[in-house]
1. Compute the length gained on full extension between Gln110 and Ala25: take 0.36 nm times their separation in residues and subtract their Cα-Cα distance, giving the result in nm to one decimal.
2. Which ordering of Leu106, Leu90 is given by a fewest-first count of other beta-carbon atoms within 10 Å?
3. Putting +1 on Lys and Arg Cβ atoms and -1 on Asp and Glu Cβ atoms, find which of Asn107, Ile95, Thr68 reaches farthest to the positive end of the dipole of the range 37-211.
4. For the range 1-126, what does the equivalent ellipsoid look like in terms of its semi-axes, each the square root of 5 times an eigenvalue of the Cα gyration tensor, given largest first in whole Å?
5. How are the alpha carbon pair distances in the chain distributed across 5 Å bins from zero to the largest one, expressed in percent?
6. Given +1 on the Cβ of Lys and Arg, -1 on the Cβ of Asp and Glu, and no further charges, what dipole in debye does the range 110-207 carry about its Cα centre, rounded to the nearest 20?
7. How much length is gained on full extension from Ser55 to Ser80, taking 0.36 nm per residue of separation minus their Cα-Cα distance?
8. Take the Cβ-Cβ distance between Arg40 and Glu190 as r, set R0 to 22 Å, and report the resulting FRET efficiency rounded to the nearest 0.05.
Amino acid sequence: MAHAEIRADGKRRCPWAESAPEFPAYHDTEWGFPVADDVRLFEKLCLEGFQSGLSWRTILVKRDNFRTAFAGFDFHVLASWGEPDVCRLLQDAGIVRHRGKIEAVLNNAQRACELVTEAGSLAAFLWQYEPDPEQLPTPQTRSTCAESVALSRALKKRGWKFVGPTTLYAFMQSMGMVNDHALNCASRGEVARSRQQFESPAVAVKSAIAARPE
């Protein structure tokens with residue numbers, strides 16, 4: 001079990017947040033805070049796919065390069081890209097030049113457009129798989145959960161690539177679908193408050209459908 005320790009700036013953070021100079025700011029302002037924006041969710045799914053077999057630091061330091069290379073991860077734009085774009089991206093030293101992962105982004109962009117048609121938004125679909133906090137174990141003691149397994153199956157069934165259960169649990173941790181900050185981490189309380197004020201897109205869509213006149 002991870003325990004936060006007081007750091008030089010006087011703040012308690014999860015141990016991993018001190019393992020690279022880029023991590024404290026990411027930990028304090030992004031990791032675990034709930035996200036409902038479709039483009040940000042799609043970006044994180046893509047970046048988690050690129051991370052497969054690599055470290056998150058490798059991806060984080062290149063994140064701005066990825067955003068430039070992939071049109072800000074606007075999946076409506078990426079859905080129309082093809083082989084010439086793959087070849088161009090394979091020459092971009094600012095990103096991870098892995099053909100399979102690059103092709104997966106373009107494939108997943110098309111699948112994301114389909115999912116918006118199906119569910120109303122990418123967020124509405126993904127947040128259906130938010131784990132029950134009461135059913136999760138102590139933070140940072142697992143790499144998957146039943147919901148990440150179920151979401152992986154659902155996305156793979158719809159043709160998505162590089163969306164395994166471990167990848168999706170990391171996605172859930174970072175996008176605020178679970179609060180996996182260490183129990184005594186200063187950010188855990190901040191994330192908890194943010195989650196309390198956050199309206200799940202899945203719940204919002206269900207409420208809107210229920211309110212429609214017959």
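1. Details: separation 85, 0.36 × 85 = 30.60 nm, distance 3.23 nm.
Answer, rounded to one decimal: 27.4 nm.
2. Details: Leu106 22, Leu90 12.
Going from least to most buried by this count: Leu90, Leu106.
3. Ile95
4. Values: eigenvalues 177, 72, 23 Å².
Equivalent ellipsoid of the range 1-126: 30, 19, 11 Å, largest first.
5. Final binned percentages: 1, 7, 14, 19, 19, 16, 12, 7, 4, 1, 0, 0.
6. Numbers: 11 positive and 9 negative charges, 70 e Å.
Rounded to the nearest 20 debye, it is 340 debye.
7. Values: separation 25, 0.36 × 25 = 9.00 nm, distance 2.96 nm.
Computed gain between Ser55 and Ser80 is 6.0 nm.
8. Details: r = 18 Å, r/R0 = 0.84.
Efficiency, rounded to the nearest 0.05: 0.75.
None of the figures in this text is laboratory data; all of them are computed from the coordinates on show. Note that this is a predicted model, so its numbers are computed, not measured. Positions of Cβ are generated from backbone atoms using ideal geometry, with glycine treated the same way; all protein chains shown enter the neighbour counts.
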